[in-house]
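Chemist: This is the structure, below, for whatever I ask next.
What follows draws every value from the coordinates through simple rules; no lab data is involved. Keep in mind it's a predicted model, so treat the numbers as computed, not measured. Positions of Cβ are backbone-derived with ideal geometry, glycine not excepted, and every protein chain shown enters the neighbour counts.
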Amino acid sequence: MRRLTLNPRSDWQARVEKIGLTYHTLADGKPYWDESAYWEFTSREIDRLEAATAEIQRLALDAGDAILNQDRLAQMGIPSAAVPAIRAAWNSEPPALYGRLDLAYDGTSIKLLEYNADTPTGLVEAAVAQWYWLQDCFPNADQFNSLHEKLIAKWKDLKDYVPSPVHFADGGSEEDRMTVAYLRDTAQQAGLKTKHIAVHQIGWDAKHSHFVDLENNPMNTLFKLYPWEWLLNEPFADHALSTLPPASALQQYGPRKDRRMWGSMLWIEPIWKMLWSNKALLAILWELNPGHELLLPAYLDGPRNLNSYVRKTLLGREGSGVTVVQDGVALEGTLSGESPQGYVYQALAPMATAAGKTAVFGSWLLDGEPAGMGIRESVGPVTNNTSCFVPHLFR
Amino acid sequence: MALSLTACRDEHRDCVDSTGRLLPDSSCQTGSRGAHYWYGGSSGGHIGDSVVGGSSVSRGGFGGIGGEGHAGGGE
């Protein structure tokens, strides 16, 4: 694998805007979508990344079982009120759409950094923008990217058994709005009826005990680009839980796939994604699979024997709450202060670096299957909301 | 964050029965059969009064952490 440079297309801004990537430039005027460089892989390297993604997904499924069987949810900071619904959803398998593994890959070892399982973004860039870039710049090369096709295929699978219309809700940022608009478009292409609503516009009808849209019509299926841990800390939290299956559902219907256990409103992503989007998962994965070649040592009770590590808050987002410690010294962030959520302490990974930047490889899963990759580059060791997206290809 | 949460909390609400007559707020807190909140209506303020105007729908109970002008929920 190698990072190469090239001249950006002369009208790249107009081209990426046309396909929905309107947030291509950061507040400081620097490009977020950076096509002055790209990463080139061999097909063998892509095969390795794809296989690693599938294997980590298998480990995560086992970890989900272990978390529930060993009652580890309180340790993860998950509210007790949500536990019955999480158990019921895990067992009844309501539709789950997508997720993104963030991987460290230096050309030799692949290591899981974290799993963005509930509200991953960077999708428009990975699924569409870099695909059109490839057609314009390297039409004879290939790309690890079947996101668009797999999204439409998944919606087609769901078409006949999810209640319609599917409401698509976002929290209001431009990136989230465009991500939801893209996902909604793939659902429409699959033949589903859809509606958009902002998360703050969702209504609760107290008389009929259901959520309603702006026309006061009941909402039966909701895709929400808004994390479960936020929903459960807001005034409608109890209403959200009331639409999910109660503890009795598991006893009544048994631990099997059963639509009656989906609750009165279908939430996508399902509430069990709280098990995977929580960074405690990293420590639990290591505990269950010590020494696994795709995992980094990670602990919940402190860095133990690690002298160089990353401390992450369990529910941190976009690089917030991350401290990088090398040889006992904090290089980025601070070790002072305490997070009420708690932390995970994860060994430093060997990362790909080039041109003074550090790359993280976001490996996408659609319906549990590897589906593509997006690469983010940062000047420092932590990926955050100003890290650039750089396209890739393989030959 | 404060704006959305405040909007939800400050909305006037009454506890009513299935015919729209005023009940003690405790009926809604305990989940008495048929009791539910009614938002933005008005009444004489006495138990049994009819509540006029308003709606059974409240909004703004989500989106207070993200919401307009804030970081989104994606990552």
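Chemist: Going by how many other Cβ atoms sit within 10 Å of their own, how do A:123, A:281, A:134 line up, fewest first? Spell out each step's value before the answer.
Modeler: Values: A:123 28, A:281 25, A:134 19.
Fewest-to-most Cβ neighbours within 10 Å comes out as A:134, A:281, A:123.
Chemist: Just check segment A:272-395 against the gyration tensor rule for me: Cα atoms, a ≥ b ≥ c as the square roots of the eigenvalues, rounded for a/c under 1.5, and otherwise prolate or oblate depending on whether a/b exceeds b/c.
Modeler: On the way: a/c = 1.61, a/b = 1.22, b/c = 1.32.
It comes out oblate by the Cα gyration axes.
Chemist: Could you compute how fast chain A diffuses translationally, taking Rh as the Kirkwood radius over C-alpha pairs and applying Stokes-Einstein at 37 °C with viscosity 0.692 mPa s? Give it in µm² per second. Walk me through the intermediate numbers first.
Modeler: Working: Rh = 21.8 Å.
Diffusion coefficient, whole number: 151 µm²/s.
Chemist: Moving on. Net charge near residue A:102, counting Lys/Arg +1 and Asp/Glu -1 over other residues with Cβ under 12 Å of its Cβ?
Modeler: Numbers: positive: A:100, A:111, A:279, A:312, A:376; negative: A:114, A:318, B:75.
Overall, the nearby charge balance is +2.
Chemist: Order A:214-226, A:321-333 from most to least packed using the mean count of other Cβ atoms within 10 Å.
Modeler: On the way: A:214-226: 19.1, A:321-333: 15.3.
Order by mean packing, descending: A:214-226, A:321-333.
Chemist: Hey, can you grab everything whose amide H is under 5 Å from the amide H of residue A:332? Only 5+ residues off in sequence or another chain; H modelled, so Pro and N-termini drop out.
Modeler: Amide H to amide H, under 5 Å and 5 or more residues apart or across chains, residue A:332 pairs with A:324.
Chemist: Same structure, new question: Sorting A:160, A:34 on the 10 Å Cβ count, fewest up front, what's the list? Let's see the in-between values first.
Modeler: Details: A:160 9, A:34 20.
By the 10 Å Cβ count, ascending: A:160, A:34.
Chemist: Taking 7 Å along the Cα-to-C-beta vector as the label spot, tell me the residue A:27-residue A:252 distance in nanometres, rounded to one decimal.
Modeler: 4.8 nm
Chemist: What does the average come to when, for each residue of peptide A:227-235, you count the partner chain Cβ atoms lying within 10 Å of its Cβ?
Modeler: Details: counts 6, 1, 2, 7, 5, 0, 2, 11, 10.
Mean shielding by partner chains, rounded to a whole number: 5.
Chemist: Give me D for segment A:78-216 in µm² s⁻¹, whole number, from Stokes-Einstein with Rh from the Kirkwood sum over alpha-carbon pairs, 37 °C and 0.692 mPa s. Present the calculation step by step, with values, prior to reporting the outcome.
Modeler: Values: Rh = 17.8 Å.
Here the translational diffusion coefficient equals 184 µm²/s.
Chemist: Normalising by the residue count of chain A, find the relative contact order in percent from Cα pairs under 8 Å and 6+ residues apart. Working shown, then result.
Modeler: On the way: 753 pairs, mean separation 98.2, N = 395.
It rounds to 25 percent for chain A.
Chemist: Only Lys, Arg, Asp and Glu count, each charged at its Cβ (+1, +1, -1, -1), so figure out the dipole size of segment A:1-94 about its Cα centre, rounded to 20 debye. Numbers along the way, then the final one.
Modeler: On the way: 11 positive and 14 negative charges, 34 e Å.
Roughly 160 debye for segment A:1-94.
Chemist: Follow-up question, since we're still on this one. Bin by bin, in steps of 5 Å, what percent of the Cα pairs in segment A:254-336 do you find, going until the bin that has the longest distance?
Modeler: 3, 12, 17, 19, 15, 11, 8, 7, 4, 3, 1
Chemist: Using only alpha carbon positions, build the gyration tensor of segment A:1-64, then give the equivalent ellipsoid semi-axes as the square roots of 5 times its eigenvalues, largest first, whole angstrom. If you can, show how the numbers build up before the last one.
Modeler: Values: eigenvalues 206, 65, 22 Å².
With the √(5λ) rule applied to segment A:1-64, the semi-axes are 32, 18, 10 Å.
Chemist: Computed on alpha carbon atoms, what radius of gyration and Dmax characterise segment A:16-99, expressed in Å?
Modeler: My reading of the Cα-based Rg and Dmax gives 19.9, 50 Å.
Chemist: Among residues other than residue A:119 whose Cβ falls under 9 Å from its Cβ, what is the net charge (Lys/Arg +1, Asp/Glu -1)? Don't skip to the answer; put the middle values down first.
Modeler: Working: positive: A:224, A:273, A:317; negative: A:118, A:176, A:269, B:75.
The answer is -1.
Chemist: Could you work out the local net charge near residue A:204, counting Lys and Arg as +1, Asp and Glu as -1, over the other residues with Cβ closer than 13 Å to its Cβ? Write out the running numbers ahead of the final one.
Modeler: On the way: positive: A:207, B:13, B:59; negative: A:205, A:213, A:234, A:238, B:11.
Overall, the nearby charge balance is -2.
Chemist: So how do A:360, A:16 line up by other beta-carbon neighbours within 10 Å, fewest first? It would help to have the intermediate numbers written out before the result.
Modeler: Values: A:360 22, A:16 26.
Ranked by crowding around the Cβ, least crowded first: A:360, A:16.
Chemist: Summarise the partner chain shielding of A:148-160 as one whole number: the mean count of Cβ atoms from other chains within 10 Å of each residue's Cβ.
Modeler: Numbers: counts 0, 0, 0, 0, 0, 0, 0, 0, 0, 0, 0, 0, 0.
Mean inter-chain Cβ contacts per residue within 10 Å come to 0.
Chemist: Pull up the DSSP beta bridges for the protein assembly as shown and report the antiparallel fraction as a percent, rounded to 5. Write down the numbers at each step before the final one.
Modeler: Numbers: 63 of 80 bridges.
Percent antiparallel among DSSP bridges in the protein assembly as shown is about 80.
Chemist: Shielding by partners for A:161-171, please: the mean number of other protein chain Cβ atoms within 10 Å of each residue's Cβ. Kindly include the intermediate steps, with their values, before the conclusion.
Modeler: On the way: counts 0, 0, 0, 0, 0, 0, 0, 0, 3, 5, 12.
Across A:161-171, the average partner-chain Cβ count within 10 Å equals 2.
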